[in-house]
Amino acid sequence: MIQCFYNTVKALWKGKIGMIRLKNVTKSYPARAEENDGGLNLIKALDDISLSIAQGEWVAVMGPSGSGKSTLVNLIGCLDRPASGEIWLNGQNVANLSASELNHVRAETVGFVFQQFHMIPYLTAVENVMLAQYFHSMTDEREALAALDRVGLKDRAGHLPSQLSGGEQQRVCIARALINDPKIVLADEPTGNLDAANEEIILRLLRELHQQGRTIVMVTHDPVVARLADRRIELHHGKIAAQEVFAMADDEQFDEVLEELFALEENGQIAEIGRMEVHGALPVSIAVEKMAAMGLVATRPHPPGSHAHKPFVNPCHDALKPAGFSTGDGSAIVELTPRGHQRAADIIRRHRLAERLFTDSLAMDSETEIEQQACKFEHILSPEATDKICTFLNHPLTCPHGAAIPPGPCCGRRAESRQSSAALSHRH
């Protein structure tokens with residue numbers, strides 16, 4: 001109940017309430033013959049589910065086989081009707097519409113991306129895309145070719161499905177799903193049959209759709225893929241068993257990336273994707289991509305010439321580049337923006353002040369315990385609490401390891417002398 005209230009308030013705050021809303025939805029199917037006991041038993045694929053998905057939200061649906069994931073997608077996609085309850089899509093209750101009315105809503109509002117592709121084998125790629133146009137209004141080959149071009153397949157437009165790889169077929173399906181400009185994209189295991197390289201291509205396309213403001217409901221068994229979404233819903237036995245909003249976890253990982261970038265910069269090192277070790281569920285490349293969209297970092301291609309990589313130790317953590325972690329150059333260079341640099345400095349300040357507090361005032365002597373607690377404090381301390389700790393410690397210049405503590409507003413006129421002292425200490 002509290003989580004549903006939180007999600008509603010969050011959506012209202014964004015002005016994006018209710019692109020998809022399910023209210024007390026139940027869907028039942030007859031049990032198998034050997035379990036049916038004369039045809040009276042029903043299995044509830046969905047059992048009194050209520051759910052709200054905001055406009056532009058990306059929701060990952062997870063759960064074991066038979067938990068109701070595909071049934072949920074079919075109902076939202078107007079491929080089926082519930083036994084009871086309401087299903088609102090873009091302000092319209094579709095639960096009791098006729099088959100022809102459902103076809104119209106589906107064609108206007110929803111785009112499907114299936115695990116099995118569902119391409120017509122005797123139609124070319126462009127003709128498969130045009131088929132979706134045909135059921136919507138009228139065909140336009142130029143628009144269909146443009147849709148294939150957006151997914152990088154314009155040169156494969158004349159090929160049959162049998163002449164395309166699995167990844168290429170899935171990209172055709174995405175072009176087909178988007179040809180009528182749907183507000184909602186339903187993806188049922190979109191990377192389930194793909195290798196790692198093609199999975200990354202498809203996930204990048206889905207991230208682009210999300211950035212465009214489309215609402216995405218994605219069924220997946222892969223927890224790493226699910227982490228790309230804004231929220232995860234776990235189904236068990238037709239009920240919502242758990243929900244998780246990823247924004248807070250993402251923020252903590254972003255803080256870890258910013259902290260590493262700050263430490264690399266302090267030590268005169270270049271930050272490169274592929275050579276950064278940061279704890280978190282998201283791959284570093286995707287975390288950096290999200291941070292770039294937030295204006296915290298900027299990326300640029302790695303120069304053609306290679307360069308030496310010097311291992312160093314972050315004084316507040318273990319070695320950021322342990323022996324044998326990576327060799328060669330990274331795929332791109334990452335740099336802090338002014339906004340990212342300020343946020344990184346605030347994180348570093350909280351961490352190093354916490355270390356000083358635990359060492360000097362609480363007399364803790366376990367390096368591991370100090371580091372673990374400081375890592376927690378860097379994510380939770382408010383600016384007010386940070387300034388009070390800094391003042392209590394008499395505005396220390398360095399952490400216990402000798403690394404400079406970035407000054408804060410409470411440091412006043414000490415800031416200039418602190419920076420000078422830290423710079424002089426660093427040179428020595």
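Since every read-out is calculated from the coordinates, none of them should be taken as a lab result. Keep in mind the model is a prediction, meaning the values are calculated, not measured. Please note: Cβ atoms are built from the backbone with ideal geometry, for glycine as well, and neighbour counts cover all protein chains shown.
Note on the range 212-268 and the range 70-118: Cα centroid distance 27 Å, given to the nearest whole angstrom.
Taking the average, over residues, of other Cβ atoms within 10 Å as the packing measure, peptides 86-96, 168-178 rank 168-178, 86-96 from highest down. Scanning residues 5 or more positions from S28 or on other chains, those with amide H under 5 Å from its amide H are A45, A83, with H placed 1.01 Å from N in the peptide plane. Under 14 Å from a label point 7 Å along Cα→Cβ of Y122: give me every residue in the range 154-189 with its amide N that close. It comes to 161, nothing else.
PRE reach from S285 (point 7 Å along Cα→Cβ): which of the range 191-206 fall under 15 Å by backbone N? In the range 191-206, the label zone of S285 (backbone N under 15 Å from the point 7 Å along Cα→Cβ) covers 195-206. Working ranking of peptides 20-26, 333-339 by packing, defined as the average number of other Cβ atoms within 10 Å per residue, highest first, is 20-26, 333-339.
In the structure shown, the pairs K44/K290; K290/K376; K44/K154 are assessed against 32 Å; a Cα-Cα span above that value is assigned to K44/K290; K44/K154. Length available on full extension from E86 to T391: 0.36 nm per residue minus the Cα-Cα distance, which gives 104.1 nm.
Classified by the C-alpha gyration tensor, the range 96-236 has an oblate form. Its axis ratio a/c, with a ≥ b ≥ c, is 1.5 or above, and a/b does not exceed b/c. Take 191-204, 61-74 and order them by the average number of nearby Cβ atoms within 10 Å per residue, most first; the result is 61-74, 191-204.
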